[in-house]
Amino acid sequence: MDRGTKAAVLVTGGAGFIGAHTAKALHDRGYLPVVYDNLSSGFRDAVRWGPFVHGDIRDERALGDALAEHGIKAVIHFAGLIEVGRSVAKPDLFWEHNVAGTVSLLGAMRDRGVGRLVFSSSAAVYGQGGRGPLETIPEDAPKAPASPYGDTKLACEWMIQAQCRAYGLTGVALRYFNAAGADPSDQIGEAHEPETHLIPLAIAAALGDGKPLTVFGDDFDTPDGTCLRDYIHVSDLAAAHVAALEADLPAGAFEAVNVGTGQGASVFEVVKAVGQAVGHAVPHSIGARRAGDPASLVANPSRARELLGWSATRSSLDQIVADALRWERTPRYGAGVRGERKMQASVD
Ligand code: UFG
């Protein structure tokens, strides 16, 4: 997409963690991010760089109205449910929000002639897939999601690809590895409720704001027995969305691209890095494996470099932890919501 003067981009789920950082990156690059979110898990205070539309991703009519009213040229689609463990317990909810929600969005885009979509996909589409624990994952690796969450992301990719072929939409699916950290401005950061992610939970445990951390299994086939993940700074991830929006791709093209660093860190390494940043050890115990967790998910990020001209610049584990820790210590939205939001269908 050409970068016109303040071209308007719809950001579904733009009040959530990655969506808000992407809205900021769009604004910094001269776009107008229009955030569409139902605030069931996002925060109104995270919408700072353009108009806000309160709406649900399954509401095709409201989506169509937002596309028309704001003269939208492209969509970045984050809205959906994200917790891997919860998807194992409530798969129907994930299909409804993630897959049916994407059906609504694609219909609205087709009817309004919006020609570019950047989709929030996930490394969860790969699962363990027969890889060794130290092998990185290229985009053409076998797809074997280990959770209903991963299933829904893969189903959405297929659907988008078919829509690209059928209607000339240009689509890029960004398969995120593990998003973490916070914007250096400390205006926005991670605030999930309930929080399920390792880095904020380890920080909360170290600061005494949360329960001691449970390490979900130390008997995986990895060097220290805990799971390996590829942690990517959310600001790097946001930059990848802008690059995908601007990538020189023809009408009808569909591309799936890994967004990671190529470096894995184990749960124990993260716990150690958080302990060093805070100044004392993270209280933790070893628990059972969590359903749906593959032993290792580490990107081969070369295609992102070749196709999007993108690579990570802020994603060392120490930098990610330092930014996440600063955010956790900043007076901020999301602090204190614990328990106020029900475990119900929500959109991030
Ligand atoms: N972990 C713990 N204890 C906790 C929380 C997490 O040991 O209390 C472990 C998990 O078992 C896993 C690792 O820390 O091995 C990372 O877990 P997260 O919950 O932080 O992240 P996930 O890898 O489960 O999932 C994240 C995103 C998904 C995305 C995936 C891609 O939430 O949306 O990364 O790698 F698909």
Of Leu325, Leu308, the only residue that is away from the ligand (no atom under 16 Å from the Cβ) and either open to solvent by 40 Å² or more (accessible area, probe 1.4 Å) or modelled with pLDDT of 95 or more (or both) is Leu308
Going through the range 152-161 one residue at a time, which ones are touching a residue at least 24 places away in the same chain (Cβ under 8 Å) and either open to solvent by less than 10 Å² (accessible area, probe 1.4 Å) or not small (Gly, Ala, Ser) (or both)? Thr152, Lys153, Leu154, Cys156, Glu157, Met159, Ile160, Gln161
Give the residue, chosen from Ala265, Ala281, that is aliphatic (A, V, I, L, M) and open to solvent by less than 20 Å² (accessible area, probe 1.4 Å). Ala265
For Gly275, which of the numbered conditions (1) more than 28 Å from Phe43 (Cβ to Cβ); (2) at pLDDT below 95 fails to hold? (2)
Out of Glu135, Glu157, which single residue is under 26 Å from Glu306 (Cβ atoms), within 16 Å of the ligand (Cβ to nearest atom) and more than 18 Å from the chain's Cα centre (by Cα)? Glu135
In the set Arg303, Arg290, the lone residue that is surrounded by fewer than 22 Cβ atoms within 10 Å (Cβ to Cβ) and either within 23 Å of Pro184 (Cβ to Cβ) or within 16 Å of the ligand (Cβ to nearest atom) (or both) is Arg290
All but one of (1) in a loop (DSSP other than H, G, I, E, B); (2) open to solvent by less than 40 Å² (accessible area, probe 1.4 Å); (3) at pLDDT 95 or above hold for Asp140; which doesn't? (2)
Those strands (runs of 3 or more DSSP E) completely within the range 162-246 that have 1 or more residues that are of a type in the set (Ser, Thr, Tyr), within 11 Å of the ligand (Cβ to nearest atom) and open to solvent by 40 Å² or more (accessible area, probe 1.4 Å) are 213-216
Open to solvent by 10 Å² or more (accessible area, probe 1.4 Å), closer than 24 Å to Ala25 by Cα and in contact with a His (Cβ under 9 Å, 6 or more places away or on another chain), is that true of Ile76? no
Residues (small (Gly, Ala, Ser), more than 13 Å from the ligand (Cβ to nearest atom) and either closer than 16 Å to Gly171 by Cβ or at pLDDT 95 or above (or both)) located in the range 79-132: Ala79, Ala100, Gly101, Ser104, Gly107, Ala108, Gly113, Gly115
Over the range 260-277, the set of residues near the ligand (Cβ under 10 Å from one of its atoms) and in contact with a helix residue (DSSP H, G or I) (Cβ under 8 Å, 6 or more places away or on another chain) is Gly260, Ala265, Val267, Val270, Val271
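The values are calculated or read from the model by the stated rules, or taken from the named source; none is laboratory data. Computed from a predicted model, the values in this text were never measured in an experiment. Neighbour counts are summed over all protein chains in view; Cβ atoms, including those assigned to glycine, are modelled from backbone coordinates with ideal geometry. When the accessible area is computed, the model is the full protein with side chains, heavy atoms only, and any ligands, DNA or RNA have been set aside. Shrake-Rupley method; radii C 1.70, N 1.55, O 1.52, S 1.80 Å.
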